[in-house]
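Notes for the one structure printed next.
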Ligand code: KIV
Ligand code: ZN
């Protein structure tokens, strides 16, 4: 076998796990349609490997990997598997339609995980590494093996497992910092140790996968690349288990901005970063904190007078990268009241939507309604509108109508609500402590459920008092958490849509039962 690094020794493979590790974090779940949109976006922005899910985890995960495998052509599509035969076979099956596929199999190698979580002896774990990689190679040539909790693994054992995984056919070896425990210099040293001690290490690409428990995921990933790792696993907006994973946009922009000290290449289209970030926060309902690097609302805002003055004279005084380089442009007026169907369809394609005839017509009708209500219609409005209306067309519960009565007069706010549930229209009148409470009580009376409201959040899609409101609702039912979003120029309508969206997601989630101990 030739040295895999021979082609370009400084090329870093970008492995995105938004759809797997990102989606695993509570409340981040996406439905199939949403996953496909994210996958297409990742492919368009030049991600090398898309980890699309964990096929054994649930029928929904299996289907998602299978469907992503059908539509993605340029990127490698990857499915995760524990070391058991059933896991590997499920990944192999789910990936069947993929043009370029990878099975990613893993097992814990740290003393703590082996004894407490797996209750296996190191020899058994070592054998499982060989067996799982060998089985995965039966499905495809591209196999990644991960040493879960790698940063807390004894070095001798780690090297032994890596050597055996490569011998069994693994082409990528991932050393995750599963619990976000390591620090940059230590992680870099670990990578150097593996490169120096594992005799066949040149037959595989070394990969890193960092969690952000100490806020060091990006720094650790970059330190590891400096030491010789040539694949970075990351997620859009840094979503993921607990404090999240290393954020793709931060890694890419650090590599680009500081190429002078990190001369590594990748093929990410950085101008797609803002679009990808908005897509992921839209479909997950996980808003990005305003001061988040690269994609936070304030990342390129210069409030302080002294900064503004400097930036106006020469942007480079306080800007180390331009907003345009991450695709951040001023709100663009896209269409108005008089725009026709043709212009609207062009805009949909430009925004990356590929809708069927009916969905396109629905979206156009919604756009016309919106243009009547709102003077200026921006890209963000179109995105919110399409996401809100068209993407939920197959939802079991849908809002039919809403009337709200509230004000300063001393009588409880009232909601008159109609929902279509499985095609049947049901109506009710409800009261509550406030208009939102009244509307949500109405939903509960039409569709009784035990889910608890955990978050209710309102954002404006654009600026101005005629802006659409984008509402996020988080519901929890027996530990299953979902986020729903809804957008409308009427905040109350947006609120009900968000709640109904969350309920629909919960219904899908109820149908899926994940096997125990999927602690990847
Ligand atoms: O954090 C982790 O160890 C993982 C592995 C499955 C790679 O997600
Ligand atoms: Zn992880």
Of 68, 47, the only residue that is within 24 Å of residue 266 (Cβ to Cβ), assigned to a loop (DSSP other than H, G, I, E, B) and assigned by TED's automatic domain parsing to the domain that holds residue 28 is 47
Filtering segment 210-230 down to residues that are under 16 Å from residue 194 (Cβ atoms) and either in contact with a helix residue (DSSP H, G or I) (Cβ under 9 Å, 6 or more places away or on another chain) or within 14 Å of ligand 2 (Cβ to nearest atom) (or both) yields 210, 220, 221, 223, 224, 225, 226, 227, 228, 229
Residue 19 passes all but one of the listed conditions (1) touching a helix residue (DSSP H, G or I) at 6+ places or on another chain (Cβ under 8 Å); (2) under 30 Å from residue 227 (Cβ atoms); (3) outside any helix (DSSP H, G or I); the exception is number (3)
For segment 224-248 the number of residues that are over 23 Å from residue 326 (Cβ atoms), away from ligand 1 (no atom under 15 Å from the Cβ) and crowded, with 18+ Cβ neighbours inside 10 Å is 2
Residue set 165, 170; condition within 16 Å of ligand 1 (Cβ to nearest atom), assigned to a loop (DSSP other than H, G, I, E, B) and farther than 14 Å from residue 110 by Cα; output residue 170
When you check residue 157 against the structure, is it in a helix (DSSP H, G or I), in the same structural domain as residue 219 (by TED's automatic domain parsing) and either more than 20 Å from residue 81 (Cα to Cα) or away from ligand 2 (no atom under 16 Å from the Cβ) (or both), yes or no?
yes
Margin query: So for segment 494-508 (the condition being outside the structural domain of residue 174 (by TED's automatic domain parsing), in a strand (DSSP E or B) and touching a residue at least 60 places away in the same chain (Cβ under 8 Å)), does at least one residue qualify?
Written below: no
Of (1) part of a loop (DSSP other than H, G, I, E, B); (2) more than 16 Å from ligand 1 (Cβ to nearest atom); (3) within 26 Å of residue 482 (Cα to Cα), residue 74 satisfies every one except (3)
**Prompt:** Does any residue of segment 243-258 turn out to be away from ligand 2 (no atom under 16 Å from the Cβ), closer than 23 Å to residue 205 by Cβ and part of a loop (DSSP other than H, G, I, E, B)?
**Reply:** yes
Within segment 187-205, is even one residue in contact (Cβ under 8 Å) with a residue 40 or more places away in the chain, within 16 Å of ligand 1 (Cβ to nearest atom), under 14 Å from residue 245 (Cβ atoms) and in contact with a strand residue (DSSP E or B) (Cβ under 6 Å, 6 or more places away or on another chain)? no
For segment 173-206 the number of residues that are under 26 Å from residue 137 (Cβ atoms), in a helix (DSSP H, G or I) and within 16 Å of ligand 2 (Cβ to nearest atom) is 0
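Of everything in segment 129-154, what is in a helix (DSSP H, G or I) and either over 26 Å from residue 77 (Cβ atoms) or within 16 Å of ligand 2 (Cβ to nearest atom) (or both)? Give them in sequence order. Outline the logic, then answer.
So the first thing to find is which residues in segment 129-154 are in a helix (DSSP H, G or I), and the list is 129-137, 150-152.
Those that are in a helix (DSSP H, G or I) and either over 26 Å from residue 77 (Cβ atoms) or within 16 Å of ligand 2 (Cβ to nearest atom) (or both): 150, 151, 152.
One line per residue, one yes/no per condition, for (1) at pLDDT 85 or above; (2) part of a helix (DSSP H, G or I); (3) not assigned by TED's automatic domain parsing to the domain that holds residue 375:
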{"residue": "320", "(1), (2), (3)": "yes, no, yes"}
{"residue": "349", "(1), (2), (3)": "no, yes, no"}
{"residue": "352", "(1), (2), (3)": "no, no, no"}
{"residue": "360", "(1), (2), (3)": "yes, yes, no"}
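Considering each of 125, 143, 133 in turn, give the residue that is within 14 Å of ligand 1 (Cβ to nearest atom) and assigned by TED's automatic domain parsing to the domain that holds residue 195. Outline the logic, then answer.
Working: 125 fails: within 14 Å of ligand 1 (Cβ to nearest atom); 133 fails: within 14 Å of ligand 1 (Cβ to nearest atom).
Unique residue meeting the criteria: 143.
Quick check, is residue 18 within 16 Å of ligand 1 (Cβ to nearest atom) and either under 27 Å from residue 271 (Cα atoms) or out of contact with any strand residue (DSSP E or B) (no Cβ under 8 Å at 6 or more places or on another chain) (or both)?
Considered against the rule, which asks whether it is within 16 Å of ligand 1 (Cβ to nearest atom) and either under 27 Å from residue 271 (Cα atoms) or out of contact with any strand residue (DSSP E or B) (no Cβ under 8 Å at 6 or more places or on another chain) (or both), residue 18 comes out as yes.
Results for (1) over 17 Å from residue 285 (Cβ atoms); (2) in contact with a strand residue (DSSP E or B) (Cβ under 7 Å, 6 or more places away or on another chain), shown as yes or no for each residue.
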position: 25; (1), (2): no, no
position: 29; (1), (2): no, yes
position: 32; (1), (2): no, no
position: 37; (1), (2): no, no
position: 46; (1), (2): yes, no
position: 54; (1), (2): yes, yes
position: 60; (1), (2): yes, no
position: 63; (1), (2): yes, no
Going through segment 102-113 in order, the residues found to be buried (at least 21 other Cβ atoms within 10 Å of the Cβ) and in contact with a helix residue (DSSP H, G or I) (Cβ under 7 Å, 6 or more places away or on another chain) are 103, 105, 107, 108, 109, 110
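The values are calculated or read from the model by the stated rules, or taken from the named source; none is laboratory data. Computed from a prediction, not measured in an experiment: that's the story for all the values here. Neighbour counts run over all protein chains shown; Cβ positions are idealised from the backbone, glycine included.
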